[in-house]
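The values are calculated or read from the model by the stated rules, or taken from the named source; none is laboratory data. Predicted model only: the values in this text are computed from it and were never measured. In this analysis, Cβ positions are derived from the backbone assuming ideal geometry, glycine residues included, and neighbour counts consider all displayed protein chains.
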Amino acid sequence: MSELHELGLGPLAGALCAGEVTPLEAADHFLARIAAHGDLGAFAEVTGEAARAHAASLGAPPADPPALWGVPLADKDLTARAGVPTRYGSRLSVDHVPDVSDPLALVLDAAGAVSLGKTAAPEYGLTGFTETRIGPPARDPWGPENGAGGSSGGAAVAVAAGLLPAAPASDGGGSIRIPSATVGVVGLKPSRGRVRSGSGMDSAHGLSVAGPIGRSVDDVALLLDVLVDGAVPYATRPPGDGPFADAGRADPGALRIGMTMVSPWEESMEIRLDPRARGAVDTAIRILDRAGHVVDDAPWRPTGYAPMFLALWQATAARIPVPDEALGELEPISEWLIRAGRALTSRQLLDALAGARAFERATITAFDAYDVVLTPALALPPRPIGWFAQDDPELSFRRQCEYAPYSSWVNVAGLPALTIPVETSGHPVSVQLVGRPGGEATILAVAAQLEAARGPLPWPALG
């Protein structure tokens, strides 16, 4: 048998349910890897003693085990788990230990998972990089001098380095897809409303949703099924779309795929596309052509995006429960976003929300002729630790947009999107697949075709 971290989420879950591996053996294996590679900054908190006790208490597999019985996972440090420090990446919350778990943690518990702790996140999840004042930065396992992206940076690093078999995460402007593309794993942002425990409906314009990170399409599909957790009151999924566990093995037929290199940030800043990012798109096009799909340039030229999204992000930050008198203790970009958000007038906020709704309609209409839209995942290669200029908020925000200019618009439009590595010579380079509303099954099936043509995903060489 391969080492446990090499199995993938589905095979590991199968081995546990068959009694071939015990939950305690699985927990010990991943805890040992976490301890050996702590320099990657993947974890904000490791709850090894509690995890081992939980795993040992599970005993033999039940007759009808839940999907993730005995599987080691971890919560992002933005998800409260009762009795476990939940710091939200902030020194204002270093001593916070919640009494009640968030719904997302309860979903994982119900699925039978064993929590190993908390994966690292930036302060309140507000940035596309994971470098905080309360812990080490999350580092790219392929080049530890570089950051891992964010805000689910710790989760993506843990999966890429084999510290977890997969990871739950969240995405408000690219926070699943940015780090997944940075470190070369698969990350899926679901449609708005798809995941009941992280639907996005309680954030400004429904930007932030929960979703999965894994090393393979099958891993991501399986974890998505767990996260979906039954009926969604405001479901976007069409009839028959899901469950997703077999989506990667389904033949999607011949699809029409639109390709665009356009970013809505181009109106307000210069977006430079690295040659390897452009090359990854070309590789994906060749694979999709051979699979029988028709790939066309998708005409799309959005306007007025930058001020609208910034206002929405500031409004999102404004709701973080930090008193005004404590704002000076935050990291500079957090303080900047929260102060600006609390200064927005009701007219400015309503204008931003109306602009977002108009952008959503216009984008879905523009891409209506396509089953899937293909874009670069990132514009630039992984950036060195410190490049995002945390002490200069406006420069930091601009650099985040220059690094990942293809991410946030998907959140505004409420669409599903997936990033997957297609180039694996040297550091992996990914592309992004964007689906129709509720179209997760289709982008998973297309991603599986890219994965099959690419071949096995290599492991980074860890010290």
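Observations on the structure shown:
- For the residues GLY173, GLY162, the requirement of being more than 19 Å from LEU78 (Cβ to Cβ), part of a loop (DSSP other than H, G, I, E, B) and of a type in the set (Gly, Ala, Ser) singles out GLY162.
- For LEU374: the one exception among (1) more than 29 Å from GLY438 (Cα to Cα); (2) in contact with a strand residue (DSSP E or B) (Cβ under 7 Å, 6 or more places away or on another chain): (1)
- Selected residue [more than 25 Å from GLU440 (Cβ to Cβ), surrounded by fewer than 17 Cβ atoms within 10 Å (Cβ to Cβ) and at pLDDT 95 or above] from GLY341, GLY328: GLY328
- Subset tally (residues that are assigned to a loop (DSSP other than H, G, I, E, B) and either of a type in the set (Phe, Trp, Tyr) or surrounded by 24 or more Cβ atoms within 10 Å (Cβ to Cβ) (or both)) for the stretch 180-214: 9
- The lone exception for GLY38 - which of (1) modelled with pLDDT of 95 or more; (2) surrounded by 15 or more Cβ atoms within 10 Å (Cβ to Cβ) it fails: (2)
- Selection status of ASP28, among the acidic types (Asp, Glu), over 22 Å from ASP140 (Cβ atoms), in a loop (DSSP other than H, G, I, E, B) and without any contact (Cβ under 8 Å) to a residue 60 or more places away in the chain: no
- Any hit, the stretch 384-395, residues being out of contact with any Pro (no Cβ under 6 Å at 6 or more places or on another chain), part of a loop (DSSP other than H, G, I, E, B), surrounded by fewer than 21 Cβ atoms within 10 Å (Cβ to Cβ) and of a type in the set (A, V, I, L, M): yes
- Tallying residues that are buried (at least 19 other Cβ atoms within 10 Å of the Cβ) and in contact with a strand residue (DSSP E or B) (Cβ under 9 Å, 6 or more places away or on another chain) within the stretch 69-100 yields 15.
- If you go through the stretch 371-405 and pick out every residue that is more than 25 Å from ARG276 (Cα to Cα) and modelled with pLDDT of 95 or more, you end up with 4.
- Any hit, the stretch 157-179, residues being of a type in the set (Asp, Glu), surrounded by fewer than 24 Cβ atoms within 10 Å (Cβ to Cβ) and in contact (Cβ under 8 Å) with a residue 12 or more places away in the chain: no
Table: residues versus (1) over 30 Å from VAL373 (Cβ atoms); (2) touching a Gly at 6+ places or on another chain (Cβ under 9 Å); (3) among the aliphatic types (A, V, I, L, M); (4) not in a loop (DSSP other than H, G, I, E, B).
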position: ALA306; (1), (2), (3), (4): no, no, yes, yes
position: PHE309; (1), (2), (3), (4): no, yes, no, yes
position: VAL322; (1), (2), (3), (4): yes, no, yes, no
position: ARG339; (1), (2), (3), (4): yes, no, no, yes
position: GLY355; (1), (2), (3), (4): no, yes, no, yes
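- Whether a residue is at pLDDT below 95, surrounded by fewer than 18 Cβ atoms within 10 Å (Cβ to Cβ) and assigned to a loop (DSSP other than H, G, I, E, B) was assessed, and ARG301 passes this test.
- Answer residue from the stretch 102-128, given it is part of a loop (DSSP other than H, G, I, E, B) and in contact with a Ser or Thr (Cβ under 8 Å, 6 or more places away or on another chain) and is modelled with the lowest pLDDT among those: ASP102
- Tallying residues that are β-branched (Val, Ile, Thr) and farther than 16 Å from ALA280 by Cα within the stretch 435-460 yields 2.
- Taken together, SER346, SER408, SER425 contain a single residue that is surrounded by fewer than 18 Cβ atoms within 10 Å (Cβ to Cβ), closer than 25 Å to ALA160 by Cα and not β-branched (Val, Ile, Thr), which is SER425.
- If only residues of the stretch 245-260 that are more than 24 Å from the chain's Cα centre (by Cα) and at pLDDT 95 or above are counted, the one that is farthest from ASP229 (Cα to Cα) is ARG256.
- Filter result (closer than 20 Å to ARG454 by Cα and exposed (fewer than 14 other Cβ atoms within 10 Å of the Cβ)) within the stretch 249-277: ARG249, ALA250, ASP251, GLY253, ALA254, PRO275
- Residue within the stretch 45-65 that is closer than 26 Å to TYR124 by Cβ, among the β-branched types (Val, Ile, Thr) and part of a loop (DSSP other than H, G, I, E, B) present: yes
- The residue of the stretch 120-162 that is farthest from the chain's Cα centre (by Cα), among those that are among the β-branched types (Val, Ile, Thr) and farther than 14 Å from ARG177 by Cα, is ILE134.
- Of all the numbered requirements in (1) within 20 Å of the chain's Cα centre (by Cα); (2) farther than 24 Å from SER151 by Cβ, ALA60 misses one, and that requirement is (1).
- Criterion violated by LEU415 - all others in (1) in contact (Cβ under 8 Å) with a residue 60 or more places away in the chain; (2) not in a loop (DSSP other than H, G, I, E, B) satisfied: (2)
- Failed condition for PRO243, given (1) free of Cβ contacts under 8 Å to residues at least 24 places away in the same chain; (2) part of a helix (DSSP H, G or I): (2)
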